[in-house]
Amino acid sequence: MSVYYVGIDIGSTAIKVAAVDGGGGLVASTTAATGSHFHRNAQQALERMLAEHGIARGAVALTVATGYGRKLFREADDSVSEITANGMGARAAAPTSPPGPLTVINIGGQDSKAILVDEAGHVVDFAMNDKCAAGTGRFLDVAARNLELDLEELGDRHLGAQGAPLAINSTCAVFAESEIIGLLAAGHAREQIVAGIHHSIARRTARLVRRVGLVEAVYFDGGPAFNRGLVMALEEELGRSLIVPAQPQITTALGAALIARDMA
Ligand code: ADP
């Protein structure tokens, strides 16, 4: 019988589950909203992923939980910090990156991080912003609502912007919201405002990155990495092309699954 290893990342906004096989290859993943019932929602997401991929519960040899709500998932065999799991997952998901260290940028629902990892995916240094919504996915959610746009539209709107991105100078998400409303009232195009928002997040992220070290290979993950406009703004601010995985939200769950495999 095949054996699998599961990582479950209970984030502030979304739960991500990933399973790897004995060779460390990703075989299944899923995402679900975290909501207020972390434990129940995490259990349901795990059961759904296993059922969808025809994996028997008994075939899961080890489960490692990570993320903000990891301590609440009592069924896990072990837990690791999201920094450790993110570093491990990024290294595995960026196999063609140049040899040497990797700078990992994670923008989540309510925090953002820069992590420097070595060749093996071990954390060398990290910096985190978990005190302020500016520079996080939460800011994008609020900005999209203010602009009456779907979150998924922000990337294309950015790509359609004419002229320089508008300056969003507020360092606080609450004041930035007033600034966005002011720009709309002054008649500016949504596209240029969106580009300004992405550059404001990118500038904050670049400051975090410089605290840990910007190396040649830079990997970007977390839900906001789906946003092509934000990717472009970060590339401009950092002067690097970014490695963005096809499924950017599940890197940390993948890392936890690989750590489960190593533990086993
Ligand atoms: P966490 O681990 O903190 O829960 P995630 O990495 O799951 O965070 O990211 C959640 C954030 O991802 C949401 O706040 C949202 O802004 C963003 N997001 C999710 N899906 C998309 C998408 N398709 N396009 C743009 N942003 C997205």
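The values are calculated or read from the model by the stated rules, or taken from the named source; none is laboratory data. Quick caveat: nothing in here was measured; it's all calculated off a predicted structure. Every residue, glycine among them, receives a Cβ derived from its backbone with ideal geometry; neighbour counts consider all protein chains shown. Surface areas here come from the heavy atoms of the whole protein model, side chains and all, with no ligands, DNA or RNA. Shrake-Rupley method; radii C 1.70, N 1.55, O 1.52, S 1.80 Å.
Could you give the dipole magnitude of region 66-216 about its Cα centre, charging the beta-carbon of Lys and Arg +1 and that of Asp and Glu -1, in debye to the nearest 20?
460 debye
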Positive end of the dipole of region 86-156, charges at C-beta (+1 Lys, Arg; -1 Asp, Glu), about the Cα centre: which of 140, 126, 97 has its Cα farthest in that direction?
126
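In debye, nearest 20: dipole of region 29-88 around its Cα centre with unit charges on the Cβ of K, R (+) and D, E (-)?
On the way: 6 positive and 6 negative charges, 34 e Å.
The calculated dipole for region 29-88 is roughly 160 debye.
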Computed over the chain: longest principal axis from alpha-carbon atoms vs helix 251-263 long axis, angle to nearest 10 degrees, is 20 degrees
What does the charge count near residue 196 come to, summing +1 for each Lys or Arg and -1 for each Asp or Glu among other residues with Cβ under 12 Å from its Cβ?
+1
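Given the chain, what percent of its DSSP beta bridges are antiparallel, to the nearest 5? Mind dumping the intermediate values first?
Values: 26 of 41 bridges.
Percent antiparallel among DSSP bridges in the chain is about 65.
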Take 237, 119 and sort them by solvent-accessible surface of the protein heavy atoms, 1.4 Å probe, largest at the top.
119, 237
Let me know the shape class of region 1-134, please: from the alpha-carbon gyration tensor, a ≥ b ≥ c as square roots of the eigenvalues, rounded when a/c is under 1.5, otherwise prolate if a/b is greater than b/c, or oblate.
oblate
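Mind putting a number on the dipole of the chain about its Cα centre? Charges go on the C-beta only, +1 for Lys and Arg and -1 for Asp and Glu, and I need it in Debye to the nearest 20.
In debye, rounded to 20, the chain gives about 380.
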Give, as ranges by residue number, the residues of region 189-226 whose backbone N falls under 13 Å from the point 7 Å along Cα→Cβ of residue 127.
203-215
What is the packing order of peptides 97-108, 205-216, taking the mean over residues of other C-beta atoms within 10 Å and listing the highest first?
97-108, 205-216
Taking amide hydrogens as modeled 1.01 Å from N in the peptide plane, which residues meet the under 5 Å criterion relative to residue 108, leaving out close sequence neighbours?
113, 137
Relative to the first principal axis of the alpha-carbon coordinates of the chain, what is the inclination of helix 228-238, with its axis defined by its Cα atoms, in degrees from 0 to 90 and to the nearest 10?
80 degrees
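From the helices alone, meaning DSSP H stretches of at least four residues, give me the mean residue ellipticity at 222 nm for the chain, per-run term -39500 (n - 2.57), in deg cm²/dmol to the nearest 500.
One gets -12500 deg cm²/dmol as the mean residue ellipticity at 222 nm.
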